[in-house]
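Q: Okay, handing you the structure first.
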Amino acid sequence: MIVSPEKLTFEDKKFSMIIYGSPGVGKTTLALSAPKPILFDFDRGISRVSAAHRKDTSVCSSYEEVLQDAQSPAMADYETVVIDTGGSFITFLQDWAMRSDPKVNRQKNGAISLKGYGAVKNEFTRFTNYIKDALNKNVIYVFHSVEGSDKDGNPVQRLMCEGATKNIVWTPCDFGGYVQMIGNERNICFTPEQEFFAKGCHGISGHMVIPALTDSTPNDFLTKLFEVAKANISRENEAFAPVRAQYETIMTEVRAILEAVTTPEEATEALQEIKAMEHVLTSKKECSALLAARTKELGYKLNRETGMYEAKEG
């Protein structure tokens, strides 16, 4: 479906997010603060989450079981899918790839082949798109971080993720947050720094303190953060409203003009009127396409030398 800019309001947008940091910093609990989450617990880590803050969990022993749960009618009850951890999910995918096509995806020594890594990468992308687009859910990938070094030898934090998949997870995500302890407070940062990569959009950026939780404290940090992002999107839509109204006015006027065209002379006049309009968004391109369709229907051809429409001979 092709959607014109004036209709792109993003009011029903679902978010994709990466949360990463060292073990024990509270990444899973943070992920479960998203709206109506279900946890796909590849790390078997739900037991480490406080009982008061646990959510419905899918515990699977194979990727086939993961797909069964993801395609279950019960998924309609959730707004967010949490993958914990992305690294362990890839391990499941490697096992699936080698079992599904051992001749291609498995080496003689039992390790996954290069083509197997390609199959894992493709399925990781397909599964993510299925959650986001087909199921229309928020999707959050939780990763452990691993310390490495940049080209100058400075310590950096990166996703703990085997294979080339770690290179594709950042591109489609809206938010990428690095979680760390600063003093006695947990922080998440959405702005990249020398030590770590991060990502923000829709007005979400910088360092944020993650509130400490007790058994009676609601775990809703990401729910509120998503609400802020949606409010920012709404403000952008309001600012865009006058332009959308102008676009609609232009398109309505041009359709009326073209409907009245019955002669080559009227087609030429319509061309001049369309050129003289103060176009916005994609109105100029779309109006030109409407004019071309109308003149083709009537059998008129534009003479490039005179700039006037003429009836085709014969």
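Q: Given R₀ = 25 Å, what would the calculated FRET efficiency be for Lys275 paired with Val243, taking r from the Cβ atoms and rounding to 0.05?
A: Approximately 0.80, to the nearest 0.05.
Q: List the extent of the Cα atoms of the chain along each of their three principal axes, largest first, rounded to whole Å.
A: 77, 51, 50 Å, listed from the longest principal axis down.
Q: Send over the semi-axes of the stretch 197-308's equivalent ellipsoid, whole angstrom and largest first, taken as the square roots of 5 times the C-alpha gyration tensor eigenvalues.
A: After diagonalising the Cα gyration tensor, the semi-axes are 53, 13, 11 Å.
Q: For the stretch 119-246, what Kirkwood radius comes out of the mean inverse Cα-Cα distance, in Å?
A: It works out to 17.2 Å.
Q: Can you give the FRET efficiency to the nearest 0.05 for Glu236 and Gln71, using r as the Cβ-Cβ distance and R₀ = 25 Å?
A: Here the calculated transfer efficiency is 0.15.
Q: On to the next question. Please work out how much accessible surface His207 shows to a 1.4 Å probe, ignoring ligands, DNA and RNA, in Å² rounded to 10.
A: The value for His207 is about 90 Å².
Q: Let me ask something additional. Reachable lysines from Lys151, Cα under 20 Å, same-chain residues fewer than 8 places away excluded?
A: Partners within reach: Lys166.
Q: Would you mind computing, in nm to one decimal, how far apart the modelled labels at Glu185 and Asp150 are, each placed 7 Å from Cα along Cα→Cβ?
A: Modelled inter-label distance: 2.5 nm.
Q: Restricting to DSSP H runs of at least four residues, report the calculated mean residue ellipticity at 222 nm for the chain, -39500 (n - 2.57) per run over all residues, nearest 500 deg cm²/dmol.
A: -12000 deg cm²/dmol
Q: Per residue, what accessible area does the chain have, given a 1.4 Å probe and all protein chains present, in Å²?
A: 54
Q: Next question. Order 271-277, 213-219 from most to least packed using the mean count of other Cβ atoms within 10 Å.
A: In decreasing order of mean packing, 271-277, 213-219 become 271-277, 213-219.
Q: Report the charge-dipole magnitude of the stretch 1-156 in Debye, nearest 20, computed about the Cα centre from +1 at each Lys and Arg Cβ and -1 at each Asp and Glu Cβ.
A: Here the stretch 1-156 has a charge dipole of around 320 debye.
Q: Where the accessible area of the stretch 23-178 is counted over protein heavy atoms with a 1.4 Å probe, how much of it, in %, is carbon and sulfur?
A: Percent of accessible area from carbon and sulfur atoms in the stretch 23-178: 49.
Q: Rank Val156, Met17, Ser72 by how far each Cα sits towards the positive end of the charge dipole of the chain (+1 on Lys, Arg Cβ; -1 on Asp, Glu Cβ) and give me just the farthest.
A: Val156
Q: Is the C-alpha gyration tensor of the stretch 1-156 telling us rounded, prolate or oblate? Criteria: a/c under 1.5 is rounded; beyond that, a/b larger than b/c is prolate, otherwise oblate.
A: Rounded shape, in that the Cα axes give a/c under 1.5.
Q: On a 31 Å Cα-Cα criterion, which of the cross-link pairs Lys137/Lys199; Lys36/Lys121; Lys115/Lys230; Lys14/Lys55 come out too long?
A: Lys115/Lys230
Q: Apply the a/c threshold of 1.5 to the C-alpha gyration tensor of the stretch 21-78 and tell me whether it is rounded, prolate or oblate.
A: In terms of gyration-tensor shape, oblate.
Q: Then there is this: Just going by the charge dipole of the stretch 68-215, with Lys and Arg at +1 and Asp and Glu at -1 on Cβ, which of Phe127, Val169, Met98 is farthest out on the positive end?
A: Looking along the dipole axis, the top candidate is Met98.
Q: Now a separate question. By DSSP, what percent of the beta bridges with both residues in the chain are antiparallel, rounded to the nearest 5?
A: Bridges in the chain that DSSP calls antiparallel: roughly 45 percent.
The values are calculated or read from the model by the stated rules, or taken from the named source; none is laboratory data. Because the structure is a prediction, the values reported are computed rather than measured. Cβ sites come from the backbone with ideal geometry, for glycine too, and all protein chains shown count toward neighbours. Remember, those area values only see protein heavy atoms, side chains included, never the ligands or the DNA or RNA. Shrake-Rupley method; radii C 1.70, N 1.55, O 1.52, S 1.80 Å.
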